[in-house]
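The values are calculated or read from the model by the stated rules, or taken from the named source; none is laboratory data. Just so you know, these numbers come straight off a predicted model, no measurement behind them. Here the Cβ is made from the backbone with ideal geometry for all residues, glycine too, and neighbour counts use every protein chain on show. Quick note on the areas: whole protein, heavy atoms, side chains included, nothing else; ligands and nucleic acids left out. Shrake-Rupley method; radii C 1.70, N 1.55, O 1.52, S 1.80 Å.
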Amino acid sequence: MNGFIAFMEKYFIPYAAKVGGQRHLVAIRDGFISTMPLMILGSLGTLINNLPIQAYQTFMNNLFGEALWKSFGGNIWNGTFAILALLTAFTVAYNLAKSYDKDALSSGVVSVASFFAIGGLTGLSSSGLFLALLVALISTELFTRMSGNPKLIIKMPDGVPPAVSRSFAALFPAMITVSIFAMFTTILFGLGVKDIVGEFYKLIQEPFMGLANTLPAALLLAFISSFLWFFGLHGANIIEPFMQTINVDAIAKNVEALKLGLDAPYIVNKPFFDSFVNLGGTGATIAIIISVFLFGRRNKQYVTVSGLASAPGIFNINEPLMFGLPIVLNPILFVPYILAPLVLVTIAYFATSLGLVPAATIVTPWTTPPIIGGVLATQSWTGGVLAAVNIAVAVLIYAPFIKVAEIQEIRREKAAAAGEPTEDNF
């Protein structure tokens, strides 16, 4: 195991860290994070309208009338999921330009204008999400590069307000960038493509979503996150751009289906992972805390750290465990830390696909405690049961390894008490 860890540190970790810090991926991640509060709000609006309790529905209908009270949740949806692609076009461009230390606000505005220039008006919601991402990245690269060309910059005299100076400095780069997208759209129109957003969705986004909604894809995402975390890299942050581009549209489509009274079409999405896999944090680490108190109470280090990590662990914050126990580079916990998420994904996937649990349709804050998150995400008590079952399964996976760690700690203490040399191990 030590040889494997050394090999990974030498040949894998440096490249993984570079990927995690790649500016375009970071911009996508941060752009989606900026929209997350609105996605949560949009989900809550859908929950208000579609809470599956007949007594609640009857009471609200009798009190306000169905059209009136449901308009509130509908209006929330119109201000969140209905303009998701538009928001993404701005936030991703803003963060990418910021990474270049360029005019982030102007870049965001130019990105939105470019998105509309290619017909984005027909794809403001999740159907135009992938295209909005591409437009944001390409338009920002064009705009920031031209903004660095002194021949394209109009310099204003001293004393002119900064906002006015920035506007004139961005004038020609913005005009050229938007015009490029407008010309591209005109060429496609001439070739007979009348709905760029719709055609792009059918050609790229829809097939990709179908592929991403499979068990192998879910297993791969779960593996990568925990595998990177084991080596001290924030796995969740590194794969967040991939997670979001896959999951955001799935969440939106589930919400739309719920509004129409249909079954949610996508099993694999962010609420799925938050509610049934990342219980206590990546690796289902709440199960480690439980396992320590059930099977490893004689390991003083584990008990102390687990006690301190219990409160944040309830809210899915597991850094105290990752670096305090530690889990990072701990050869004893490598196998269960990788295995547990894979098993939980499999259980949750089949429980959902078989209809035992509704698909996750509500975006809850990632700090929502386990079990409660399962109930809220699925709008069903069965979601809470599934989360509880997965916690129990994860505890069983971790238990033997926690016991091994306890045995090793006892041996180390005895050796130290006898004055014998000991190895620094976990």
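Looking only at residues in the stretch 118-156 that are in a helix (DSSP H, G or I) and among the basic types (Lys, Arg), the one that is farthest from residue 95 (Cα to Cα) is 151.
What number of residues in the stretch 331-372 are touching a Gly at 6+ places or on another chain (Cβ under 8 Å) and open to solvent by 40 Å² or more (accessible area, probe 1.4 Å)? Residues that pass the stated criteria total 3. State whether the residues of the stretch 94-114 include one that is in a helix (DSSP H, G or I), crowded, with 23+ Cβ neighbours inside 10 Å and at pLDDT below 80. The answer is no; no qualifying residue exists. The set of residues from the stretch 148-196 being of a type in the set (Phe, Trp, Tyr) and farther than 18 Å from residue 120 by Cα comprises 168, 172.
What do you reckon, is residue 78 under 23 Å from the mean Cα position of the chain (by Cα) and either surrounded by 23 or more Cβ atoms within 10 Å (Cβ to Cβ) or closer than 29 Å to residue 168 by Cα (or both)? In short, no. With respect to the conditions (1) farther than 23 Å from residue 31 by Cβ; (2) surrounded by fewer than 14 Cβ atoms within 10 Å (Cβ to Cβ); (3) modelled with pLDDT under 90; (4) not hydrophobic (A, V, I, L, M, F, W, C), residue 179 falls short on a single one, namely (3).
I'd like to check something: does the stretch 154-171 contain any residue that is on the phi > 0 side of the Ramachandran plot, open to solvent by 30 Å² or more (accessible area, probe 1.4 Å) and out of contact with any helix residue (DSSP H, G or I) (no Cβ under 9 Å at 6 or more places or on another chain)? Checked the stretch 154-171: at least one residue is on the phi > 0 side of the Ramachandran plot, open to solvent by 30 Å² or more (accessible area, probe 1.4 Å) and out of contact with any helix residue (DSSP H, G or I) (no Cβ under 9 Å at 6 or more places or on another chain). Can you find a residue that is out of contact with any Asp or Glu (no Cβ under 6 Å at 6 or more places or on another chain), in contact (Cβ under 8 Å) with a residue 12 or more places away in the chain and surrounded by 13 or more Cβ atoms within 10 Å (Cβ to Cβ) anywhere in the stretch 414-424? Taking every residue of the stretch 414-424 in turn, none turns out to be out of contact with any Asp or Glu (no Cβ under 6 Å at 6 or more places or on another chain), in contact (Cβ under 8 Å) with a residue 12 or more places away in the chain and surrounded by 13 or more Cβ atoms within 10 Å (Cβ to Cβ).
Residue-wise test of (1) over 21 Å from residue 231 (Cα atoms); (2) modelled with pLDDT of 90 or more; (3) assigned by the TED database to the domain that holds residue 228.
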| residue | (1), (2), (3) |
| --- | --- |
| 281 | no, no, yes |
| 286 | no, yes, yes |
| 312 | yes, no, yes |
| 321 | no, no, yes |
| 324 | no, no, yes |
| 334 | no, no, yes |
| 352 | yes, yes, yes |
| 355 | yes, no, yes |
| 359 | yes, no, yes |
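When the residues of the stretch 202-223 are filtered to those that are open to solvent by less than 20 Å² (accessible area, probe 1.4 Å) and at pLDDT below 75, the one that is farthest from the chain's Cα centre (by Cα) is 205.
Only one of the numbered conditions (1) more than 20 Å from residue 97 (Cβ to Cβ); (2) touching a residue at least 40 places away in the same chain (Cβ under 8 Å) is not met by residue 169, and that is (1). On the basis of being open to solvent by less than 10 Å² (accessible area, probe 1.4 Å) and aliphatic (A, V, I, L, M), does residue 264 make the cut? Taking the combined requirement at face value, the residue does not satisfy it.
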